[in-house]
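Worksheet for the structure shown next.
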Amino acid sequence: MALFIPIMHSLYGQNNLKEIKKLSKRTTKWLFLFNFPLFILLFLFSKDIIQVTFGHNYVPGALSLSILSVGFLIFSISHIPTNTLIMLKKTKLHFKIGLFTTIINVILNIILIPRIGMIGGAIGTSTALILLYLIYSYYTYKYLKLQILSRKLLNAFIASIPSLIILYLIKSYL
């Protein structure tokens, strides 16, 4: 991201939307591919990670960690549309989106935590993070016709599913 932002601003200054789109897709791919292995570890081995890190008493939080890992995987690629809106000087919109999703997060947590505890908090927060990504992506597409997800990224994700299933099935032996 430290390299992406200045390059993106430079390309925007040159009005080179074609390169902005290519750079955004490439950067999204790298962000996703970098974060996906961490997501797999947190999602599949949350119980083990919590037990080793914090002890047996905190293992009930494993499902919450798995749910949060989904939200943060999606959130990790939201930096591209977020910075794109900032580049377009849509700072008021950026503020409104952040405020809206924060309010949604608080409301969902107020509703879900009393009913299902920390899992409700994880669901509320992950929902708000995914909503944040979707809203930023919508506005990025609206202003620049920029869609950061590509077919190659989707194909890479789909191709990883059999490996994930196998890993999940043999995780008790690892």
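The values are calculated or read from the model by the stated rules, or taken from the named source; none is laboratory data. This is a predicted model, so every value here is computed, not measured. Note: ideal-geometry Cβ built from the backbone for every residue, glycine included; neighbour counts use all protein chains shown. Heavy atoms of the whole protein, side chains included, go into the accessibility calculation; ligands, DNA and RNA do not. Shrake-Rupley method; radii C 1.70, N 1.55, O 1.52, S 1.80 Å.
Considering the range 46-65 alone, what residues qualify as being touching a residue at least 40 places away in the same chain (Cβ under 8 Å) and surrounded by 17 or more Cβ atoms within 10 Å (Cβ to Cβ)?
Matches in the range 46-65: GLY61, SER64, LEU65.
SER160 versus (1) under 18 Å from the mean Cα position of the chain (by Cα); (2) modelled with pLDDT of 80 or more; (3) open to solvent by less than 90 Å² (accessible area, probe 1.4 Å): which is the lone unmet condition?
(2)
Considering each residue of the range 57-85, count those that are closer than 17 Å to ILE148 by Cα, in contact with a helix residue (DSSP H, G or I) (Cβ under 6 Å, 6 or more places away or on another chain) and part of a helix (DSSP H, G or I), and give that number.
Of the residues in the range 57-85, 10 are closer than 17 Å to ILE148 by Cα, in contact with a helix residue (DSSP H, G or I) (Cβ under 6 Å, 6 or more places away or on another chain) and part of a helix (DSSP H, G or I).
Give the number of residues within the range 3-40 that are over 29 Å from ILE67 (Cβ atoms) and either among the hydroxyl-bearing types (Ser, Thr, Tyr) or open to solvent by 90 Å² or more (accessible area, probe 1.4 Å) (or both).
The number of residues fulfilling the criteria is 8.
For GLN147, work out the one condition from (1) in a helix (DSSP H, G or I); (2) open to solvent by 40 Å² or more (accessible area, probe 1.4 Å); (3) not hydroxyl-bearing (Ser, Thr, Tyr) it doesn't fulfil.
All conditions pass for GLN147, except number (1).
From the list PHE95, PHE43, exactly one residue is exposed (fewer than 14 other Cβ atoms within 10 Å of the Cβ) and either in contact (Cβ under 8 Å) with a residue 40 or more places away in the chain or closer than 19 Å to THR125 by Cα (or both). Which is it?
Testing whether each residue is exposed (fewer than 14 other Cβ atoms within 10 Å of the Cβ) and either in contact (Cβ under 8 Å) with a residue 40 or more places away in the chain or closer than 19 Å to THR125 by Cα (or both) leaves just PHE95.
Given the criteria over 20 Å from THR91 (Cα atoms), assigned to a helix (DSSP H, G or I) and open to solvent by less than 30 Å² (accessible area, probe 1.4 Å), does ALA122 qualify?
Values: over 20 Å from THR91 (Cα atoms): yes; assigned to a helix (DSSP H, G or I): yes; open to solvent by less than 30 Å² (accessible area, probe 1.4 Å): yes.
So ALA122 fits the description; yes.
Go through the range 68-83 and report how many residues are of a type in the set (A, V, I, L, M, F, W, C) and open to solvent by 40 Å² or more (accessible area, probe 1.4 Å).
Matching residues across the range 68-83 total 5.
Among the residues of the range 10-55, how many are assigned to a helix (DSSP H, G or I) and over 23 Å from the mean Cα position of the chain (by Cα)?
Of the residues in the range 10-55, 11 are assigned to a helix (DSSP H, G or I) and over 23 Å from the mean Cα position of the chain (by Cα).
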